[in-house]
Amino acid sequence: MSKVVLVAINAKYVHSSLSVWVIAAGVLKYARLPHDVRVVEATINQSCASVVDAVAVHKPDVIGISTYIWNAGKLSELLGSLRTQLPDTLIVLGGPEASNNMDYWLKSNADHVMCGEGEYCFPQFLDKYDKKKHIESFSSSSPSDADYDAPVDPYTSAYFDALDGRLAYIETSRGCPYHCTFCLSAGSVVRYFPLDSVKKQILKLSQSNTKTIKFVDRTFNCNSTRAYELFEYVIGLDASCRFHFEVAADLFDECVFSLLKTAPPGCIQFEIGLQSFHEPALKASSRQMDMEKAEQNIRTLLDMQNIHIHIDLIAGLPFETSTDFMSSFDRAYSLSAHTLQLGFLKLLHGCELRTQAEVLGLQYMSEPPYEIVSSPWMSADDILTLKKAENALQNTRNKGRFLSTLDYVLSATGMRPFALMNSLGTAAPNHGTQLENYATQVYDFCTSLPGVDSEALKDYMVFDWLGMVKGKNTPPILKNNDINHRHIAEKAEKMLGRMLRREEIAVLRSGKGVFVDSNDRDPVTGLYRVYKCE
């Protein structure tokens, strides 16, 4: 019996790994010989020594490591440390980062790189290995149709013990019908796992202590009938967790909208990849989406006020200048989604766009995350400008901070959203700034803009502050004369039926008060309910 340790290096502790548990279940189901399989989950923030120690304690014959863009930068050092401490152990890599860059990793202390679907090919590899140090050649057979009809179940008691409330992942289909040239799933045949098996797995996850269940299906609603059935199922569950789906906004119809309106607030989150509104960039990237319909459908979803909406843009796509991207940003911002992610093009090993990079003149980082550096349409300075806007966006709107303040400033100044974010990111870059200090920097920046009334700004910021924090005093620069504080407190306490803490009440410049019900948090936005009183 071979001893096997499967290793996942997650980006953050709050994340969990699905792949290693799927492979562990695959070994149990498909291997012909017995193998003792253990799972070790770590993070990129842990020292290599601590990860090696966690692996070495099991005295493995074989180590299998899942490789992705987020952990590739740590792997070279980790592999070296594993090789030093466990010289006789076979090290096998799998996952997109290794399987699409095999030669590099085979020169970096890996003995083998697995290609294909891990739950099927890794058990075959272990059977052939069977404590032999070297395998001169290895090829796996493809899974049968029967395997697809009865996928492995990774959600064992060991999985839930390890999960410990972290974000959980589930796969209900594999592949994507679209051909986006920047994506590793482009154009792969879509296979759907049986709905009865999927529902059983969803139910088990929903009864755990996880807060969020994320579906890893590349385009969850590409089969609208199936998506409807699963939306209906999760809406009907008696569960306190959230269900996160990656969807194509243009594929929703009135039937699905009618169903989604019945979802409990906060039950469902949608991540929607818009990437760009610039048609030449979309065409060059083989990106297929009816943008007008997508925009309309996003507004419909937001109007329901029960679903958290996250939309994505990608900067650096071919044929999109910085001016073009700013226009896309302003259009996306105007949708008022709960999150607008400004990401940067990554030229991943295995994606079609990476093979076209030299011809297109795309310059990108040689090390992970392989991010765009410049192109014929965007200079390095352009990219830097976008990163400043991204910093401000991430530290304000995307964290639910200063929302009414931003709306007021845009209205008072007539600025476009990108111009405001870029200016704020330039004047007050936030790289770990304490929130109280950042609020002061935002105030100072905004009061320097033409058309902004400092007193009106202060009121908006006070209102926002109460809704976005809990148990923190208002920064000194935002405080007004609180002569009416006791009077306001009495009214607020009568309305809420409980005593309020000092930091839950503030006074506006008019003498009117605002107070927050810190026991009432919006399940969709995550903000606390704020009230005004005379």
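Here are some notes:
- Restricting attention to region 164-192, the residues that are closer than 21 Å to K29 by Cβ and crowded, with 19+ Cβ neighbours inside 10 Å add up to 5.
- Single match in Q269, Q305, Q288, Q275 (criterion: at pLDDT below 95 and either surrounded by fewer than 21 Cβ atoms within 10 Å (Cβ to Cβ) or of a type in the set (S, T, N, Q) (or both)): Q288
- Counting the residues of region 459-494 that are out of contact with any strand residue (DSSP E or B) (no Cβ under 7 Å at 6 or more places or on another chain) and assigned to a helix (DSSP H, G or I) gives 14.
- If you go through region 53-80 and keep only what is without any contact (Cβ under 8 Å) to a residue 40 or more places away in the chain, surrounded by fewer than 19 Cβ atoms within 10 Å (Cβ to Cβ) and assigned to a helix (DSSP H, G or I), you end up with D53, A54, A56, S76, E77, G80.
- Subset tally (residues that are of a type in the set (D, E, K, R), assigned to a loop (DSSP other than H, G, I, E, B) and at pLDDT below 95) for region 179-212: 0
- When S258 is tested against (1) more than 23 Å from L167 (Cβ to Cβ); (2) touching a residue at least 12 places away in the same chain (Cβ under 8 Å), only condition (2) is not met.
- Region 380-403 - residue that is assigned to a loop (DSSP other than H, G, I, E, B) and over 18 Å from the mean Cα position of the chain (by Cα) and, of those, surrounded by the most Cβ atoms within 10 Å (Cβ to Cβ): F402
Residues checked against (1) of a type in the set (A, V, I, L, M); (2) in contact (Cβ under 8 Å) with a residue 60 or more places away in the chain:
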residue: F160; (1), (2): no, no
residue: D164; (1), (2): no, no
residue: S173; (1), (2): no, no
residue: P177; (1), (2): no, no
residue: T181; (1), (2): no, yes
residue: L184; (1), (2): yes, yes
residue: S188; (1), (2): no, no
residue: L230; (1), (2): yes, no
residue: V234; (1), (2): yes, no
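- Out of L410, L466, L393, L420, sole residue that is touching a Pro at 6+ places or on another chain (Cβ under 7 Å), under 29 Å from H308 (Cβ atoms) and modelled with pLDDT of 95 or more: L410
- Lone qualifier among A248, A227 - being among the hydrophobic types (A, V, I, L, M, F, W, C), surrounded by 19 or more Cβ atoms within 10 Å (Cβ to Cβ) and touching a Gly at 6+ places or on another chain (Cβ under 9 Å): A248
- Residues that are charged (D, E, K, R) and not in a strand (DSSP E or B), drawn from region 496-534: R498, R501, R502, E503, E504, R509, K512, D522, E534
The values are calculated or read from the model by the stated rules, or taken from the named source; none is laboratory data. Please read all numbers here as calculations on a predicted model, not as lab measurements. Cβ coordinates were reconstructed from backbone atoms using ideal geometry, including for glycine residues, and neighbour counts include every protein chain displayed.
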